[in-house]
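A short worksheet on the structure shown next.
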Amino acid sequence: MDVHGRDLRYFAAVADELNFTRAAGRLYVSQPALSKQIRMLERQLGADLFVRDRRTVRLTAVGEALLPHARAVLAAWETAEAAVREARTAERHSLVVGMSTSPGRGLLPALRSRLLAGHPAARPALRQVNWADPSAGLADGSSDVAFVWLPLPDAERYRSVVVAEEPRLVALPSGHPLAARTEVDFAELLDEPFLALPAEAGALRDYWLALDARGGRPPRIGAVVGSAEETHEAVANGQGVVLLAVGNTPLIVRDEVTAVPVRGITPSQLAVAARADDDRVLVRAYLEAAASVARAAGG
């Protein structure tokens with residue numbers, strides 16, 4: 001037997017008022033419509049819920065038995081409706097910001113302040129993503145926006161705003177023969193073992209190995225790394241050298257690791273990206289904040 005919540009609400013109102021006219025006014029329905037719904041509910045239950053005469057309305061024994069359960073069902077549904085409203089509000093105001101490492105450069109506070117200026121209820125939450133995912137969570141939908149290094153695999157799936165363009169350096173063990181140089185040419189690094197991103201990183205792995213500057217010569221892979229700490233340890237232990245952006249030197253260059261500028265390769269580009277088909281208000285606002293920060297940095 002399926003009973004609608006509306007029928008229980010009508011029943012409870014009549015039970016509270018013990019008057020069909022007052023209950024109808026409370027429910028904003030006509031008295032005949034209310035009486036009809038109560039009769040239909042009684043037919044479904046196979047029992048009368050009210051004793052009616054010209055002057056009074058009172059509950060039958062069946063009505064008395066049903067009333068506490070009807071109130072419990074209605075209260076539970078009100079709680080469920082409130083939970084749904086709260087979840088919808090949280091979903092509307094939440095924004096997951098993915099990143100493989102902290103972007104630094106003052107970007108997080110700058111973008112947050114711009115986002116909140118226009119959307120004070122927004123709740124941006126940071127999410128750390130393994131280096132094997134160059135989209136920092138965009139590809140599988142676990143991030144709404146993300147700090148990513150270009151190029152992105154499947155670039156047509158995303159839209160992005162470049163927030164930092166920086167020369168690339170090479171990180172070397174402090175005792176490396178090239179460590180004391182003020183600059184090196186990439187050709188001088190061709191025989192060095194390089195640290196590589198996981199194979200799943202695709203085009204981004206190729207970019208940080210600078211395949212386009214090797215003239216077809218395959219790189220020597222000294223180790224595969226999945227985090228800044230792994231990269232630092234691998235360089236310090238002599239497993240290989242690695243290209244990095246100027247702004248990321250604090251993550252790698254310390255404790256027996258140094259960095260030297262490299263000629264002959266393109267600068268790196270850090271971007272804020274989102275899925276191309278995601279047109280939600282907060283996603284657009286975060287990309288607009290990124291564009292604002294980029295314009296400010298460009299003077």
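The values are calculated or read from the model by the stated rules, or taken from the named source; none is laboratory data. Note that the structure is predicted; figures quoted are calculated from it, not measured. Positions of Cβ are backbone-derived with ideal geometry, glycine not excepted, and every protein chain shown enters the neighbour counts. Accessible surface is based on the protein model in full, side chains and every heavy atom, while ligands, DNA and RNA are left aside. Shrake-Rupley method; radii C 1.70, N 1.55, O 1.52, S 1.80 Å.
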Item to check | VAL242 vs. criteria under 36 Å from the mean Cα position of the chain (by Cα), open to solvent by less than 40 Å² (accessible area, probe 1.4 Å), under 27 Å from MET99 (Cα atoms) and at pLDDT 95 or above | outcome: yes
Checklist entry - Restricting attention to segment 108-137, which residues are under 25 Å from SER268 (Cα atoms), in contact with a Leu (Cβ under 8 Å, 6 or more places away or on another chain) and buried (at least 18 other Cβ atoms within 10 Å of the Cβ)? => result TRP131, PRO134, SER135
Checklist entry - In segment 181-197, what residues are crowded, with 18+ Cβ neighbours inside 10 Å and more than 39 Å from the chain's Cα centre (by Cα)? => result VAL184
Checklist entry - In segment 165-180, is there at least one residue being open to solvent by 60 Å² or more (accessible area, probe 1.4 Å), assigned to a helix (DSSP H, G or I) and touching a helix residue (DSSP H, G or I) at 6+ places or on another chain (Cβ under 7 Å)? => result no
Checklist outcome for this item: Subset of segment 139-164, residues within 14 Å of VAL96 (Cα to Cα) and touching a helix residue (DSSP H, G or I) at 6+ places or on another chain (Cβ under 8 Å), comes to ALA139, ASP144, VAL145, PHE147
Item to check | Residue in segment 212-229 that is nearest to VAL242 (Cα to Cα), counting only those that are open to solvent by 70 Å² or more (accessible area, probe 1.4 Å) and in a helix (DSSP H, G or I) | outcome: GLU229
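State the number of residues belonging to segment 38-75 that are farther than 15 Å from ASP7 by Cα, open to solvent by less than 70 Å² (accessible area, probe 1.4 Å) and assigned to a helix (DSSP H, G or I).
Step one: list which residues in segment 38-75 are farther than 15 Å from ASP7 by Cα, which gives 51-62, 64-65.
Now drop any that are not open to solvent by less than 70 Å² (accessible area, probe 1.4 Å), which leaves 51, 56-57, 59-60, 62, 65.
So of that shortlist, the ones also assigned to a helix (DSSP H, G or I) come out as 62, 65.
Matching residues across segment 38-75 total 2.
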Next on the checklist: Regarding segment 107-123, can at least one residue be identified that is part of a loop (DSSP other than H, G, I, E, B), under 13 Å from the mean Cα position of the chain (by Cα) and in contact (Cβ under 8 Å) with a residue 60 or more places away in the chain?
Outcome noted: yes
